[in-house]
1. What does DSSP give for the range 79-135 in terms of the percent of beta bridges that are antiparallel, rounded to the nearest 5?
2. To the nearest 0.05, what FRET efficiency results for L82 and A135 with a Förster distance of 22 Å applied to their C-beta separation?
3. Within the range 16-123, report the GluC sites (Glu not before Pro) that DSSP leaves as loop and that have at most 16 other Cβ atoms within 10 Å.
4. Roughly how many Å² is the accessible area per residue of the chain, as a whole number, for a 1.4 Å probe?
5. Would you calculate the separation in nanometres between label points at K21 and S75, each defined as 7 Å from the Cα along the Cα-to-beta-carbon direction?
6. Separation between the D44 and V103 pseudo-spin-labels, each 7 Å from Cα along Cα→Cβ, expressed in nm?
7. What share of the DSSP beta bridges in the range 8-128 is antiparallel, in percent to the nearest 5?
8. Please give the contour-minus-distance gain from D121 to F67: 0.36 nm per residue of separation, less the Cα-Cα distance, rounded to one decimal in nm.
Amino acid sequence: MADEANPMRGVTAHLTIRESKGSAAVDFYKAAFGAKELGRHLADDGTRIMHAHVMINGGALMLNDDFPEYTGGISVPTGVTLHLQTDDSDAWWERAIAAGATVRMPLDNQFWGDRYGQVVDPFGHTWSIGGPVKA
């Protein structure tokens, strides 16, 4: 079952913030919407946010700064990624690819403990798929 710190079901909005303003975005959401910050992980540069997780009015929102160096030099065109937290990211990944999604960021084990990757659907929307790392 999902809890505040670990949304495990449904779709979660995941914003990409341009111009390294992710920290400012988190601070704005706290001031503007009463967001509760559950986590903020900075990149090795100590400035950009690799991953932040906030709750706003009972709903999860994740965000990160733009990292074109991890996605083939391409910035996220819309600034929004739809995130699916799953019980088996490999199965969901394979199903998305078989249905026509293209790889944006390969599925791999990540520093925060998920097996995670990103695909682009045939309509140009970015989806991230995450789940537990398999033993």
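1. Numbers: 12 of 17 bridges.
Percentage antiparallel, nearest 5: 70.
2. Working: r = 28 Å, r/R0 = 1.26.
It comes to 0.20.
3. Values: sites: E19, E37, E69, E94; in loops: E19.
Here the sparse-neighbourhood loop sites are E19.
4. Values: 7500 Å² over 135 residues.
Value returned for the chain: 56 Å² of accessible area per residue.
5. According to this spin-label approximation, the distance is 1.1 nm.
6. Taking the simple label geometry, D44 and V103 are separated by 2.2 nm.
7. Numbers: 24 of 32 bridges.
Taking every DSSP beta bridge within the range 8-128, about 75 percent pair in antiparallel fashion.
8. Numbers: separation 54, 0.36 × 54 = 19.44 nm, distance 1.99 nm.
Extending this stretch completely gives an extra 17.4 nm.
The values are calculated or read from the model by the stated rules, or taken from the named source; none is laboratory data. What you see is a predicted model; the values in this text were computed from it and never measured. Here the Cβ is made from the backbone with ideal geometry for all residues, glycine too, and neighbour counts use every protein chain on show. Note: accessible area is taken over every heavy atom of the protein model, side chains too, but ligands, DNA and RNA are not part of it. Shrake-Rupley method; radii C 1.70, N 1.55, O 1.52, S 1.80 Å.
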